[in-house]
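Peer 1: I'd like to ask some things about the structure below.
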Amino acid sequence: MATKVVMEALSPTMEEGRLVEWKKAEGDAVATGDVLAEVETDKAVMELVARADGVLLKRVVADGDTVPVAQVVGWIGAEGETIPEGGGTAPAAAPPAKEKDKAEAAPSAPEPAAPAPAPAAGNDRVKASPVARKIAAERGLDLGSIAGSGPDGRVIMRDLEGATAKPAAAAATIGASVFTDLPLSQMRKTIAKRLVQSIGPIPTFYLTVEVDMERAHEAREALLARDDKGKFSFNDLIIRASAEALTRHPFVNAWWMDDKIRQWQDVHVGVAVAVDEGLITPIIRHADRKTLREIAGEVRELAGRARAKKLAPEEYTGATFTVSNLGMFGIDDFTAIINPPEVAILAVGRIEQKPVVANGELEIRRRMRMTLSCDHRVVDGATGAQFLKTLVEMLENPLALVW
Amino acid sequence: MANQTFDVIIIGGGPAGYPAAIRASQLGLSAAVVERDKLGGVCVNIGCIPTKALLHSAALLNSIRKDAKENGITTGDVSGDYGVAMKRSRKVADQNSKGAEFLMKKNKVTVIKGTGVLASATTVKVGDDVLTAKKAIVLATGSRTKGIPPIGLDIDGKVVISSDEALFLEAAPKRLAIVGAGAVGCEFADIFNSFGSEVTLIEALPRILPVEDAECSDVIAKSYKKRGIAVHAGVKVVKADVKSDSVSLTIETGGKTETITADKVLMAAGRAVNTEKIGLDAVGVKLTDRGFIAVDPATLQTSVKGVYAIGDVAGPPMLAHKGTREGIHVAEVIAGHHPKAIDYSNVPSVTYCHPEVASVGLTEEQAKEQGIEIKVGRFPFSANGRARASNETDGFVKIIRGAKYGEIVGAHIVSGHASEMIHELILARTNEYTVEEVDLAIHAHPTLSEAIAEAALDSLGRAVHI
């Protein structure tokens, strides 16, 4: 029987996809896992892979067509097989991958040694043991992306060892982090209601500070001189310092969830990156636990792939805080718009040498202005100010980061 | 027959070897089994099967003695005749061996009588005949009973005996000492106590059934003492004085010595593997430092390409069901398949004394040693309706689960039917069900197995019937 190829939801928010280009022609042999086509989602260009073995019988949609998720875009089947009547356009759910029937016969036909990964389209179709499911749910692992070593590719406990590195769906990934849900007090509810009526769906206020970056500059110069491989930018330092400050001010490291505030214990910092046609915020996960060198490397790698539209959904969704820096464009200061459900975003301007009064004397120092946009339903003026104070202290005395 | 060629030659027709031959044949290979004695090996002929027949006789005898009156059954004097029970056990063993012979015929496996010796990586000598293997040779030579010669306990078959002789005694000895209180020692203690012997059970480790969970050992030790079996655990036999019709054993514990005199002593402290005189050296098959044949756990291949080893010779646990699984596995490997790895952590252990002890996975002690965070659930059969109805309230179900995810770390059952009940938990553990899945399965009422669901619930802090 022929198997449908459908437009899959390749990101959590994807409702439709544009089939950029078919990678297989009608009549081409395909195996499970082969790339059939490139699909552009709301965020990135991703690969649509075959969920069955056989021959690509028909392309139902043409290159460049946009179709809703779950609609049939093609058919896979045995050579010469005909597709069902009316099978050209009817929307249908993604079919589960079927393993080829294995005839137990002659010893000359060995079974495949390595189990194939279970189909990725939805966890309920993945074969996994109950214990593996529990662990995956808690750690936010996508069972579909894990090769099962149990009978018939079933994912078992052992397969999840060391599987943390490659979490999948964004919501699931953040689910792996530890958080505390705080119920809304009557006062918080009232504050939320009044402010929303007054200013719009996210009642934002802004706090601006000027930071002395002289010592940060010295530290950076010293580090760069010491190790030419370890390039890093001031923005990497700001990400690292923000992460540190967030661990001390969990109220800022939170999500507004309408009926509650979710305070995260893990810190995942989104970094705004300008790309053609817009912007995307790849995430530095657990930025509070990473070294400056790790952050610098990750930012560069993620930004590169972001510009090439090659980010996977889990790489740009699920941040707990965001940093946006327009210093490289010569912007002195600006206000950034909060990316809900996050409750704050830091807008960073350029570093500029200016005359300032220090110790009663006029000095020329490197200064930088930062503005924190705060969702007032969660972050009050004082909370935001305390966070900024810590952040300023970190940046003005970078050694504090390793203290 | 002279010189023949097969795809696979299996040396040893016990519970590892003959299933390997069947599976090989099913997969289209020509297979030969070389067996010097009867098909079925120790298990069928002088192990698992005849002891279970004798344990059945023993249980029946105890049941009549204990329960007849209150169940409205009138009996005269009840006495046991070990010789008669022994003859029945022989019949059962022979039937099983014949069954194995039938299976060989049915699956077109060639059975060659004689002692097989590895002559090269591809040939086996049986007497003057040379058999050639096109694909593989499988060593499944098993193990045998052993004494403790350094202290004078050489098995002589008369006063110092092993299970091999015990299974053929015409009468129960008046006084029997048993050295070793693992499964074999405990089962024979049960049998001979039931048939009227004065039994002394001696174990060097601190408790009887030393590989089982301590709570299980305790229940059996108490039950045995109640039945009049003298249980000495944590003692060492330091000297044996073997006479023509009796034996004196000097045992030592905490610096104190004691002498036990018996008509016979049954050696049940470990078994020796049959690795000698089968040509291992000549062909270069390597042994482990513990004397087992070294194998690659994934393929069961020895250090010599094309030569495999399964069952007792391939390493512990020396259990028939472990050997059988290896037999099936090795046949599939030889046929070019890639079977799933054998899950050695899920090999169950059963002692068929009364009540029986069955377990899978870790004991509570082992779990703690390994630093696993656990919760323990227990349910005693005294709170189980079916157990009361059948007067089998001894024992309990104990489930050790992971504190966080509820996976079954270990499961232990003491019950008249523990050997049958444990499989629910083996299935659960092998498939990584949590205690919640065990409870979600609706257990029929009234059954002993309800105690399993209750123990699962108890580990979650919500047992219903206690």
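No lab work stands behind these numbers, since they all come straight from the coordinates. The structure displayed is predicted, hence computed values, not measured ones. All Cβ positions, glycine included, derive from the backbone under ideal geometry; neighbour counts span all protein chains shown.
Peer 1: Per residue of segment A:345-353, in order, report the coupling 6.51 cos²θ - 1.76 cosθ + 1.60 (Karplus, θ = phi - 60°) as ³J(HN,Hα) in whole Hz, putting x for Gly and Pro.
Peer 2: 9, 9, 9, 10, x, 7, 9, 9, 7
Peer 1: Per-residue Cβ counts within 10 Å, from other chains only, averaged over B:424-434: what number is that?
Peer 2: 3
Peer 1: Further question: State log₁₀ I(q)/I(0) for segment B:389-439 at q = 0.19, 0.24, 0.30 Å⁻¹ as given by the Debye formula over alpha-carbon point scatterers of equal weight, solvent excluded.
Peer 2: Here log10 of I(q) over I(0) equals -0.63, -0.87, -1.14.
Peer 1: Another question about this same structure. Jot down the per residue volume, in cubic angstrom and as a whole number, of the convex hull over the alpha-carbon atoms of segment B:1-160.
Peer 2: 167
Peer 1: Further question on the same structure: Return B:318, A:394 ranked ascending by Cβ neighbour count within 10 Å, so the fewest neighbours appear first.
Peer 2: B:318, A:394
Peer 1: Right, another one. Report relative contact order for segment B:144-241 in percent, whole number only (criteria: Cα-Cα under 8 Å, sequence separation at least 6).
Peer 2: 26
Peer 1: Related question: How would B:464, B:211, B:199, B:184 line up from fewest to most surrounding beta-carbon atoms within 10 angstrom?
Peer 2: Lowest count first: B:464, B:211, B:184, B:199.
Peer 1: Please compute the contact order of segment B:1-140 in relative form: average sequence separation of alpha-carbon pairs under 8 Å and at least six residues apart, divided by the residue count, as a percent.
Peer 2: 41 percent.
Peer 1: Another question about this same structure. Which whole DSSP H helices in chain B pass both tests: a Cα extent of 24 Å or more along the axis and a mean Kyte-Doolittle value no lower than -1.0?
Peer 2: Answer set is B:48-67, B:82-106.
Peer 1: Treating segment B:311-466 as a set of equal point scatterers at the Cα positions, no solvent, please give the Debye-formula log₁₀ I(q)/I(0) at q = 0.21 Å⁻¹.
Peer 2: With one equal scatterer per Cα and no solvent, log10 I(q)/I(0) is -1.29.
Peer 1: Considering only C-alpha atoms, what is the centroid distance from segment A:1-73 to segment B:359-419, in Å?
Peer 2: Spelled out, the Cα-based centre of one part sits 51 Å from the other.
Peer 1: A further question on this structure: Can you pull the mean other chain C-beta count within 10 Å for peptide B:24-31?
Peer 2: Other-chain Cβ atoms within 10 Å of each residue's Cβ, averaged: 2.
Peer 1: Magnitude of the Cβ-charge dipole of segment B:85-223, K/R +1 and D/E -1, about the Cα centre, nearest 20 debye?
Peer 2: The calculated dipole for segment B:85-223 is roughly 880 debye.
Peer 1: Determine the relative contact order of chain B: mean sequence separation of Cα pairs under 8 Å and six or more apart, normalised by residue count, in whole percent.
Peer 2: Computed value for chain B: 15 percent relative contact order.
Peer 1: Let me ask something additional. Can you sort A:376, B:329 so the residue with the fewest Cβ neighbours within 10 Å comes first?
Peer 2: A:376, B:329
Peer 1: Which distance in nm do the two modelled labels at residue A:354 and residue B:73 give, with both placed 7 Å along the Cα-to-Cβ direction?
Peer 2: The two pseudo-label positions are separated by 10.1 nm.
Peer 1: When each pair of different Cα atoms in the protein assembly as shown is counted once in the 1/r mean, what is the Kirkwood radius in angstroms, to one decimal?
Peer 2: 33.3
Peer 1: Counting each DSSP H run of 4 or more residues in the protein assembly as shown as -39500 (n - 2.57), what helix-only mean residue ellipticity at 222 nm follows after dividing by all residues, to the nearest 500 deg cm²/dmol?
Peer 2: When only DSSP H runs of four or more count, the value is -8500 deg cm²/dmol.
Peer 1: Points 7 angstrom from Cα along the Cβ direction at residue A:389 and residue A:28: gap in nanometres?
Peer 2: 6.2
Peer 1: Can you give me the orientation-averaged projected area of the convex hull built on the Cα atoms of chain B, in nm²?
Peer 2: For chain B, the mean projected area of the Cα convex hull comes to 24.3 nm².
Peer 1: Could you check the simple spin-label distance between residue B:347 and residue B:134, using points 7 Å along Cα→Cβ, in nm with one decimal?
Peer 2: Roughly 3.2 nm, to one decimal.
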